[in-house]
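Here is the structure we will look at, set down as structure tokens.
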Amino acid sequence: MPLKWSDVTPKPLWLNRRQLIAGAATLLASPALARIEAAPSKYSTDAEPNSLEDISTYNNFYEFGTGKGDPASYAGGLTVDPWSVVIDGLVDKPGTYDLADVVKGQPLEERIYRFRCVEAWSMVVPWIGFQLSGLLERAGVQPGATFVAFETLLRPEEMPGQASPFIDWPYREGLRLDEAMHPLTILATGLYGEEMPKQNGAPIRLVVPWKYGFKSIKSIVRISLVDKMPLTTWNMLQPQEYGFYSNVNPKVDHPRWSQASERPLGGGLFAGRQDTLMFNGYEAEVASMYAGQDLAVDY
Ligand SMILES: Nc1nc2c(c(=O)[nH]1)N[C@H]1C(S)=C(S)[C@@H](COP(=O)(O)O)O[C@H]1N2
Ligand SMILES: [Mo]
């Protein structure tokens with residue numbers, strides 16, 4: 001059983017030198033995030049996690065702007081308490097559930113996962129969360145359900161990026177039911193032993209580590225069990241470039257760039273690229289779900 005990261009690393013060591021020296025003021029100014037207890041997991045990678053600074057200052061969260069620094073700059077005003085999640089569609093117990101109710105009874109684990117953005121950068125994140133399968137089982141998935149659709153909060157007053165007409169808000173994502181039930185698929189409520197920073201998708205987000213990062217939808221307010229492949233934000237915007245499946249695949253290039261390698265965040269300006277792994281390194285666990293599918297067609 002691997003130790004969880006927070007057991008082996010005292011908190012000051014999570015902060016890199018730059019944070020300790022230059023970031024002391026920022027840290028004092030940030031509201032304290034509550035600590036979360038979570039058990040270690042056999043699904044964690046032993047790769048070294050990125051610093052909290054890397055993970056929480058280089059983000060994609062278009063609801064707050066398209067710049068990598070925009071989420072950290074503007075997500076502070078997002079109200080994440082109270083928060084409720086609608087669970088509907090083909091389920092036995094549809095309803096609007098308070099976040100506490102969604103999380104209730106679900107065993108929280110620390111899952112240290114590799115994370116690969118379709119833009120060809122990557123990082124390693126010590127998420128805290130629980131298996132989506134646990135929640136879906138509690139809601140009671142009905143036999144006709146074949147896909148799960150997710151939606152992010154729609155709140156332009158607090159999400160300035162939602163003024164952009166280029167995206168048909170709210171941000172939407174989806175998984176096939178077997179992908180949603182896979183033990184690697186989690187709903188994350190925190191990282192680095194604390195509740196989720198707002199810029200990373202507080203208070204609850206999806207994490208699907210073998211798929212490109214955009215599948216891991218943030219700040220979820222709706223989970224629907226459906227019987228058709230749902231519409232998803234990037235697929236609606238550029239269907240030729242972003243497929244529904246979006247499994248990490250070094251052999252299927254993006255039309256505008258290679259996916260064969262990636263740039264690990266935090267390596268510095270002169271750090272090299274590393275080879276991208278099939279299914280982002282989770283091939284042994286997930287490949288069987290795609291047996292018989294041509295992954296160049298189902299990209
Ligand atoms: N609602 C929403 N979820 C989102 C996005 C977004 O813009 N809005 N960006 C996606 C993309 S492209 C990536 S790479 C990851 C980034 O997660 P991180 O900022 O926690 O690293 O979030 C994904 N989830
Ligand atoms: Mo991404």
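The values are calculated or read from the model by the stated rules, or taken from the named source; none is laboratory data. For clarity, every value in this text was computed on a predicted model and none was experimentally measured. Every residue, glycine as well, gets a Cβ built from its backbone with ideal geometry; the counts of neighbours run over all protein chains shown.
General remarks:
- The set of residues in segment 190-210 being out of contact with any Asp or Glu (no Cβ under 8 Å at 6 or more places or on another chain), part of a strand (DSSP E or B) and either more than 15 Å from ligand 2 (Cβ to nearest atom) or touching a residue at least 40 places away in the same chain (Cβ under 8 Å) (or both) consists of GLY190, LEU191, GLU194, GLU195, VAL207.
- Yes/no for LYS198 being of a type in the set (Lys, Arg) and farther than 22 Å from THR45 by Cβ: yes
- The selection criterion, being buried (at least 18 other Cβ atoms within 10 Å of the Cβ), under 29 Å from GLU119 (Cα atoms) and modelled with pLDDT of 90 or more, holds for LEU78.
- Checking each residue of segment 99-110 against the condition of being under 29 Å from VAL248 (Cα atoms), within 13 Å of ligand 1 (Cβ to nearest atom) and surrounded by fewer than 20 Cβ atoms within 10 Å (Cβ to Cβ) gives no match.
- Taken over segment 144-163, residues that are in a loop (DSSP other than H, G, I, E, B), under 17 Å from ARG222 (Cα atoms) and more than 15 Å from ligand 1 (Cβ to nearest atom) amount to 2.
- Qualifying residue in segment 144-155 (condition: over 19 Å from ILE87 (Cβ atoms) and either out of contact with any Pro (no Cβ under 6 Å at 6 or more places or on another chain) or charged (D, E, K, R) (or both)): yes
- Top-ranked residue in segment 133-169 [being among the hydroxyl-bearing types (Ser, Thr, Tyr) and more than 18 Å from the chain's Cα centre (by Cα); ranked as surrounded by the most Cβ atoms within 10 Å (Cβ to Cβ)]: THR146
- Count - residues of segment 275-284 that are in a helix (DSSP H, G or I) and over 18 Å from the mean Cα position of the chain (by Cα): 3
Results for (1) touching a strand residue (DSSP E or B) at 6+ places or on another chain (Cβ under 8 Å); (2) crowded, with 19+ Cβ neighbours inside 10 Å, shown as yes or no for each residue.
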| site | (1), (2) |
| --- | --- |
| ARG205 | yes, yes |
| VAL226 | yes, no |
| LEU231 | yes, no |
| ALA260 | yes, no |
| GLY267 | no, no |
| THR276 | yes, yes |
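- Matching entry among TYR212, TYR290 (being at pLDDT 95 or above and touching a Lys or Arg at 6+ places or on another chain (Cβ under 7 Å)): TYR212
- Number of residues in segment 120-134 that are touching a residue at least 40 places away in the same chain (Cβ under 8 Å), not in a strand (DSSP E or B) and not aliphatic (A, V, I, L, M) equals 1.
- Top-ranked residue of segment 242-274 - restricted to ones that are in a loop (DSSP other than H, G, I, E, B) and hydroxyl-bearing (Ser, Thr, Tyr), ranked as farthest from TYR212 (Cα to Cα): SER258
- Members of segment 111-143 found to be of a type in the set (Asp, Glu) and within 16 Å of ligand 1 (Cβ to nearest atom), listed by number: GLU119
- Residue within segment 167-188 that is farther than 22 Å from GLU241 by Cβ and within 12 Å of ligand 1 (Cβ to nearest atom) present: yes
- Residues that are more than 16 Å from ligand 2 (Cβ to nearest atom) and free of Cβ contacts under 8 Å to residues at least 12 places away in the same chain, drawn from segment 32-86: ALA32, SER73
- Complete set of residues in segment 122-154 that are of a type in the set (D, E, K, R) and over 16 Å from LYS93 (Cα atoms): GLU151
- In segment 211-222, residue farthest from LEU277 (Cα to Cα) [restricted to those that are part of a loop (DSSP other than H, G, I, E, B) and over 9 Å from the mean Cα position of the chain (by Cα)]: SER219
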